[in-house]
Ligand code: BES
Ligand code: ZN
Ligand code: ZN
């Protein structure tokens, strides 16, 4: 058995066809597969699944992948999600997956098993009854390349679940200080340096936008930097996360319906911690900086009010016309700090930034907006390859017109209400990154699932982690190919 050491799940290759077996296959392969297993035929259209008994000790779940010419890795992940869901009701601890009719399936299968069996149950008494799969056997031949891919995928999928664990924490637990301490702990023992800027330091740094959002809360704000640097590197990429641990809207208070979901307004920051963790585990040959700003956004007698003017780290003044557009405020400081102090080759920010992005793209893809077409293409590609998809929206100058203020350098909401809200938010962020190639990922629609979907249970999804780690892997590959 290989891949066992220090991992959360044992993964191995086998040729045994007994116990709890999940089989995926394309349309047209039904007969061949049913003969192989000595069972009756089933329907292999996409999304179909069927449970059968082989003998009294073995159960088999067939999951259809549909037509081969319409197949992509996401189809396989969803099918594996169905198999995992079936076996979890039978409390199986060890499963065997037969995906031999799909080329290079091993790492995709492993990713889907790890993501689909995630649950957040630490606050539930019945949690003892939730049986987790401890071992996956793959009916596939192993070789060094497959082994390496599977190990990498496992590290990344575990980082996604690590992000989900923080994201799912409620706001009374996951305060800005909690996130800072968690980042420090995560960095410990690895090749990662962590620095925490507390409220006093933020005042000294003149992070007026972050402090302005934090003014209404009794929880102190933080800005945290994580730095992973291999011995030799030629490129630096920085990830910047929005860490609003609870977004009530502030004085521009949100409606109470679904306000609980605003504990997920920190998911960009959580993704940043997980990205740095994964990159350091993969020991990629690039420097990666992870920066996040964290605070609550609450109303109080001390809170920032509509009409107030704040001054960001880079000296730009911001007219705050809606205190619920707070994510862009804290990112203004975090982005300009990152650009000035790391001088990175690329900056990618990750933020649950706008309801408008949820309207535009829904849950299948994050919004992507960039000042650099080459970087945008790389991010889109990383999205496709990782399954953590994004879709680009334009950033034409017409949109930038809409964030000009009469009395400050910029305003925090567009002059035109209910139009292009995801884009005008990005037009605002652009004012804080200078000339550095920058891409913004709006994960408002992808960061959590309001009901189980695909291979995710209800709750946080870790959106942003897979796409950004893939971006780093691709960047590392390009460098070593030069
Ligand atoms: N955190 C929200 C964005 C959000 C809304 C994320 C719904 C996920 C689901 C953000 O801080 C916000 O409130 N944005 C406002 C901006 C508006 C006031 C210009 C929004 O989208 O309504
Ligand atoms: Zn808000
Ligand atoms: Zn917010």
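Taking the listed residues 59, 48, 17, 10, the one that is under 27 Å from the mean Cα position of the chain (by Cα), crowded, with 16+ Cβ neighbours inside 10 Å and touching a residue at least 12 places away in the same chain (Cβ under 8 Å) is 10, with no other qualifying.
Those strands (runs of 3 or more DSSP E) of the range 308-352 in which at least 3 residues are within 16 Å of ligand 1 (Cβ to nearest atom) and under 23 Å from the mean Cα position of the chain (by Cα), considering only elements entirely within it, cover 346-351.
Here is a check on your reading of the model: is residue 359 out of contact with any helix residue (DSSP H, G or I) (no Cβ under 7 Å at 6 or more places or on another chain), in a helix (DSSP H, G or I) and modelled with pLDDT of 95 or more? Talk me through it step by step, then tell me what you get.
Working: out of contact with any helix residue (DSSP H, G or I) (no Cβ under 7 Å at 6 or more places or on another chain): yes; in a helix (DSSP H, G or I): yes; modelled with pLDDT of 95 or more: yes.
For residue 359, the condition - out of contact with any helix residue (DSSP H, G or I) (no Cβ under 7 Å at 6 or more places or on another chain), in a helix (DSSP H, G or I) and modelled with pLDDT of 95 or more - is met.
Per the listing 277, 266, the residue uniquely more than 16 Å from ligand 3 (Cβ to nearest atom), in a helix (DSSP H, G or I), buried (at least 22 other Cβ atoms within 10 Å of the Cβ) and modelled with pLDDT of 95 or more is 277. Residues in the range 134-163 that are assigned to a helix (DSSP H, G or I) and over 13 Å from residue 110 (Cβ atoms): 144, 145, 159, 162, 163.
Scanning the range 300-347 for residues that are surrounded by fewer than 20 Cβ atoms within 10 Å (Cβ to Cβ) and touching a helix residue (DSSP H, G or I) at 6+ places or on another chain (Cβ under 8 Å), which turns out farthest from residue 252 (Cα to Cα)? This residue is 314. Taken as a whole, the range 421-441 holds at least one residue that is under 25 Å from residue 116 (Cβ atoms) and in contact with a helix residue (DSSP H, G or I) (Cβ under 8 Å, 6 or more places away or on another chain). Quick check: anything in the range 79-91 farther than 28 Å from residue 143 by Cα and either at pLDDT 95 or above or not in a helix (DSSP H, G or I) (or both)? Yes; the residues of the range 79-91 include at least one that is farther than 28 Å from residue 143 by Cα and either at pLDDT 95 or above or not in a helix (DSSP H, G or I) (or both).
The helices (runs of 4 or more DSSP H) falling completely within the range 164-259 that include 3 or more residues that are touching a strand residue (DSSP E or B) at 6+ places or on another chain (Cβ under 6 Å), within 29 Å of residue 122 (Cα to Cα) and away from ligand 3 (no atom under 16 Å from the Cβ) map to 176-187. Of the listed requirements (1) at positive phi; (2) without any contact (Cβ under 8 Å) to a residue 40 or more places away in the chain; (3) under 22 Å from the mean Cα position of the chain (by Cα), residue 454 misses just one: (2). Annotation: residue 291 fulfils all but one of (1) in a strand (DSSP E or B); (2) within 16 Å of ligand 3 (Cβ to nearest atom); (3) under 21 Å from the mean Cα position of the chain (by Cα); the unmet one is (2). Hey, any hits in the range 390-398 for a residue that's within 20 Å of residue 323 (Cβ to Cβ), out of contact with any strand residue (DSSP E or B) (no Cβ under 7 Å at 6 or more places or on another chain) and either modelled with pLDDT of 95 or more or away from ligand 2 (no atom under 16 Å from the Cβ) (or both)? Within the range 390-398 (the criterion being within 20 Å of residue 323 (Cβ to Cβ), out of contact with any strand residue (DSSP E or B) (no Cβ under 7 Å at 6 or more places or on another chain) and either modelled with pLDDT of 95 or more or away from ligand 2 (no atom under 16 Å from the Cβ) (or both)), the answer is no, since none of the residues qualifies.
Checking the condition outside any loop (DSSP other than H, G, I, E, B), touching a residue at least 24 places away in the same chain (Cβ under 8 Å) and surrounded by fewer than 23 Cβ atoms within 10 Å (Cβ to Cβ), which residue from 376, 382 passes? Before the answer, list the steps.
Working: 382 fails: surrounded by fewer than 23 Cβ atoms within 10 Å (Cβ to Cβ).
Residue meeting the stated conditions: 376.
When residue 42 is tested against (1) buried (at least 16 other Cβ atoms within 10 Å of the Cβ); (2) free of Cβ contacts under 8 Å to residues at least 40 places away in the same chain; (3) touching a helix residue (DSSP H, G or I) at 6+ places or on another chain (Cβ under 9 Å); (4) not in a loop (DSSP other than H, G, I, E, B), only condition (4) is not met.
Every listed requirement among (1) within 16 Å of ligand 3 (Cβ to nearest atom); (2) within 21 Å of the chain's Cα centre (by Cα); (3) part of a loop (DSSP other than H, G, I, E, B) is met by residue 284 save one, (1).
Taking the criterion of being in contact with a strand residue (DSSP E or B) (Cβ under 7 Å, 6 or more places away or on another chain) and either surrounded by fewer than 20 Cβ atoms within 10 Å (Cβ to Cβ) or part of a loop (DSSP other than H, G, I, E, B) (or both), the residues of the range 458-474 that qualify are 458, 459, 461, 463, 464.
Look through the range 385-435, keep the residues that are part of a helix (DSSP H, G or I) and more than 24 Å from the chain's Cα centre (by Cα), and return whichever of them is farthest from residue 372 (Cα to Cα). For the range 385-435, the residue satisfying everything is 401.
The values are calculated or read from the model by the stated rules, or taken from the named source; none is laboratory data. Since we're looking at a predicted model, the values are computed, not measured. Note that we place each Cβ from the backbone using ideal geometry, even for glycine, and neighbour counts take in every protein chain shown.
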